[in-house]
Every structure is written in structure tokens, then in C-alpha cells.
1. Go through (1) surrounded by fewer than 17 Cβ atoms within 10 Å (Cβ to Cβ); (2) modelled with pLDDT under 95; (3) more than 14 Å from the ligand (Cβ to nearest atom) one by one and return the number of the condition SER5 breaks.
2. For the range 101-123, which residues satisfy the criterion of being out of contact with any helix residue (DSSP H, G or I) (no Cβ under 9 Å at 6 or more places or on another chain) and either crowded, with 18+ Cβ neighbours inside 10 Å or touching a residue at least 40 places away in the same chain (Cβ under 8 Å) (or both)?
3. Within the range 120-146, can you find the residues that are closer than 15 Å to GLY173 by Cα and assigned to a strand (DSSP E or B)?
4. Could you tell me which of the residues VAL35, VAL29 is among the hydrophobic types (A, V, I, L, M, F, W, C), under 20 Å from the mean Cα position of the chain (by Cα) and not in a helix (DSSP H, G or I)?
5. Collect the residues in the range 38-63 that are over 16 Å from SER140 (Cα atoms) and in a loop (DSSP other than H, G, I, E, B), keeping them in residue-number order.
6. Looking only at the range 110-140, count how many residues are away from the ligand (no atom under 16 Å from the Cβ) and among the aromatic types (Phe, Trp, Tyr).
7. Filter the range 29-51 down to the residues that are more than 15 Å from the ligand (Cβ to nearest atom) and among the hydrophobic types (A, V, I, L, M, F, W, C) and list them by number.
8. Given the conditions (1) touching a strand residue (DSSP E or B) at 6+ places or on another chain (Cβ under 9 Å); (2) modelled with pLDDT of 95 or more; (3) charged (D, E, K, R), and given that LYS24 satisfies all but one, which numbered condition is not satisfied?
Amino acid sequence: MVGMSPKKAYEVTRMATYVSQIAKNLRVVDGFYIVDVGAGQGHLARELLDVVTGVKGVLALDGDTVLVKRQASVQHPKPRIGVEHATDETDAADATSVTHKFGHITSPERLVEAVDEWFTEMETGHTLRSNIPKPVMLVSLHGCGSLSLDVLRAFVEKRFRLEDIQRGRRRWGFIASVTVPCCYNLLREGEYPVSAPLSPSKTKPEIEMAKAALHFTIIPSTTALLAVRKVVWRALLECLFVHKGIKLDDMDASGRLGRFPPRAYDTWTTFLNFAGSRLGSSPESINTTLSPTLVPLARALSILYVLRCMLGPLVEAALLEDRVRWVRERLASNDMRLTYNTLLVPLFSQLGEVGSARNIAVVVIPEYIE
Ligand SMILES: C[S@@+](CC[C@H](N)C(=O)[O-])C[C@H]1O[C@@H](n2cnc3c(N)ncnc32)[C@H](O)[C@@H]1O
């Protein structure tokens with residue numbers, strides 16, 4: 001759990017344990033592979049390789065070149081001794097590491113291409129010898145915006161799933177998928193709703209959602225007061241700059257501020273000190289006391305932000321329900337021998353992040369798994 005915040009370590013452990021339980025019940029003859037989409041620093045990918053029985057290789061895909069290069073060059077310790085990874089000697093060599101690859105995923109096809117490339121490399125490198133079609137589990141932890149939807153799009157395409165692959169030329173196919181979506185504000189235009197309206201007589205969705213509603217879903221993960229201060233004080237700071245005509249080298253001030261530790265928000269003066277040091281200007285040049293004219297604005301902003309936090313879970317719930325309905329519709333229309341269960345699983349604790357959909361996984365697993 002090196003280099004992870006306690007929150008991230010908890011999420012990674014929980015998700016890997018959950019995937020491990022699914023894996024134990026998969027009806028596969030010779031192990032399986034995992035693709036972690038939007039893998040970031042590869043924390044989950046490494047944990048999966050470490051704890052999931054029967055996994056023969058993990059592909060960590062990410063669209064950030066710098067991150068991928070860095071991870072690919074870092075030597076991570078080998079998985080724990082005693083954990084079973086490969087069940088077949090012929091494929092044992094590919095089981096010892098996570099493969100980091102660049103992949104900016106904007107469609108199911110792009111994802112499938114990246115997985116194809118990985119399997120071709122394993123075949124060329126003679127780490128993959130048996131001819132049995134390889135089952136692949138898709139996972140994604142906090143895949144931003146449309147990314148987690150593209151993962152599901154790849155899964156619901158009949159031609160990419162294991163049961164269809166077995167009759168075709170591709171040597172691998174998807175068998176299950178566990179995605180925890182986030183950052184709905186980054187969804188592409190037109191991605192809500194994706195499911196059909198509940199009533200056939202309706203041509204419009206039951207709930208219409210303005211693009212702006214997606215911004216409600218950025219829900220604070222810290223205490224309420226701190227969360228409100230973070231947003232409101234930053235907004236006030238920008239206001240002060242405008243009022244005072246302060247120019248910041250034509251650079252975006254909020255971008256340059258970066259993240260502050262919670263203690264920066266203890267008082268307005270401490271906050272200005274932190275801001276001043278980041279922006280290279282003295283706090284005095286801004287203002288050390290909150291001008292009375294800004295107090296009503298601060299209050300209005302706080303109320304607006306709290307309302308936004310209250311509406312966030314509703315918007316997220318609508319998005320998740322829509323996604324699950326859509327997956328079920330698509331899988332039902334596939335007319336396949338194997339049927340699937342599509343579930344919303346509250347994977348991470350709801351304490352501290354009440355109702356946040358960042359804690360809920362969209363899980364698609366073969367129906368034979370309890
Ligand atoms: C919120 S981070 C989560 C990282 C990691 N899964 C974790 O939980 O620590 C989202 C990651 O997805 C990657 N990402 C976002 N959009 C992507 C895309 N279209 N294709 C591939 N990666 C993407 C980002 O580079 C980032 O590393």
C-alpha cells in the first residue's frame with residue numbers, strides 16, 4: 001500500500017477482494033486475465049495480481065503518457081509468495097507482473113485494440129501458448145466521465161465476449177466487468193440517458209437532465225464545513241483579484257493554487273497566506289480581512305454549494321440506474337447462451353461520503369455466480 005492515501009488503500013483493498021470473490025466462482029478452465037482501465041499509478045492492478053487467485057496477467061491501461069512511462073520504468077516488488085497465480089505451466093511466465101500500457105480510450109473498439117495488442121505481445125513473447133480462448137475481466141476504479149461507460153460498451157458488445165469469441169478468430173473475450181464510475185461532469189454530450197425510456201409510449205426520458213446538473217456530482221469527500229470553505233473561499237479570492245485589478249501573469253489563478261492541506265482553511269488569514277505563497281504575491285496586496293460587501297456573497301455561495309451537494313446524489317443515482325438498465329437491455333438483446341446479472345454494489349463505505357456514487361460499482365457477472 002506504498003504511496004497511497006488511507007482512503008485509496010481502503011478502496012484498492014476492497015475492490016481487489018471483491019474481484020477476487022468473483023474470480024473464485026468463474027467457470028474457467030485455465031485461469032483468466034484482468035484489464036484495469038484508467039489504472040492511474042497501477043495500485044489496483046498490482047493488488048489484483050497479488051490477491052486474485054487464478055489471474056495470469058494484468059494489463060494496466062491509462063491515457064496519461066507520463067504516468068504510464070513512469071509506472072513502466074518502476075520495478076515493483078513481486079507478488080507475495082504462496083499466492084497462486086498461474087495454474088498452467090505453459091502460461092506461467094506472464095503471471096509475474098503488471099503490464100503498463102498507454103491507451104487513451106474513447107470507444108469500445110479502442111479498448112479492444114489495446115487488449116488485442118497485449119495478447120499479441122504475449123503470444124510473440126511466447127508467454128501465451130495454449131490455444132484455449134482466454135477469459136478477460138474488465139475493471140475500472142474511478143474511471144473519469146465517459147471512460148467507465150466505454151468499458152461497459154465494450155463488455156455489452158456480443159462480439160467481444162468470451163462466449164462469442166470461442167467461435168471466432170480472436171483468442172480472448174470478456175467474461176465479467178466491475179467498474180466504479182466517477183466525474184460524471186466529464187461525460188460526453190448525450191450520454192444520459194443511454195437506456196430506453198421505461199414506457200414504450202414515451203419518446204423522451206423520464207427525467208430530463210441539463211448538462212449543468214452533471215456538475216452537482218462533484219461531491220466533497222471531507223467534512224461539510226471544510227468542503228464549503230474550500231469552494232467558497234477560492235471563489236472569494238478570485239472576486240478579490242477582480243475587484244483589486246490584480247493580474248496574475250495571465251495565468252489561471254485557481255489552477256496555480258493547487259491543493260491546500262485542511263489547516264490552510266482554519267482562518268481567512270491562513271488561507272490568504274497559503275494563496276499568497278503559491279501565487280507569488282503578498283497577502284497584504286490582496287486583503288487580510290473579508291470585506292463586509294463580500295459577506296452576503298460568501299453566504300449565498302455557501303447555500304448554493306450545499307444545495308448542489310444535496311442534489312448531487314440524486315443526479316448520480318439517476319445516472320447509475322440508467323446505466324444498469326441500459327446494460328441489461330443490451331445484454332438481453334444479445335441472445336446469448338450465457339446470461340448475466342447486472343448489479344449496483346455499494347463497494348466502499350458510505351461513512352463520510354454519504355450517498356456518493358463514487359462508492360458504488362456497476363458489476364456485470366455471469367448469472368451462475370451467486
Ligand atoms: C481518477 S483517476 C483513477 C486512477 C486509478 N484507477 C485509481 O483509482 O487510483 C482516473 C484515471 O483515468 C485516466 N483516464 C481518464 N480518461 C481516460 C481515457 N479516456 N482513457 C484512458 N485513461 C483515462 C486518467 O489518466 C487517470 O489516471
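1. Among (1) surrounded by fewer than 17 Cβ atoms within 10 Å (Cβ to Cβ); (2) modelled with pLDDT under 95; (3) more than 14 Å from the ligand (Cβ to nearest atom), SER5 violates only (3).
2. ALA114, ASP116, TRP118, PHE119, GLU123
3. Once the filter is applied, which keeps residues that are closer than 15 Å to GLY173 by Cα and assigned to a strand (DSSP E or B), the range 120-146 yields LYS134, PRO135, VAL136, MET137, LEU138, VAL139.
4. None of the other options fit; the residue is VAL35.
5. If the condition is that a residue be over 16 Å from SER140 (Cα atoms) and in a loop (DSSP other than H, G, I, E, B), then THR53, GLY54 are the ones that fit.
6. The number of residues fulfilling the criteria is 1.
7. Within the range 29-51, VAL29, PHE32, VAL51 qualify.
8. The one condition LYS24 does not meet is (1).
The values are calculated or read from the model by the stated rules, or taken from the named source; none is laboratory data. The model shown is predicted, which means the values in this text are computed figures rather than measured ones. No Cβ is skipped: glycine too gets one built from the backbone with ideal geometry, and neighbour counts run over all protein chains shown.
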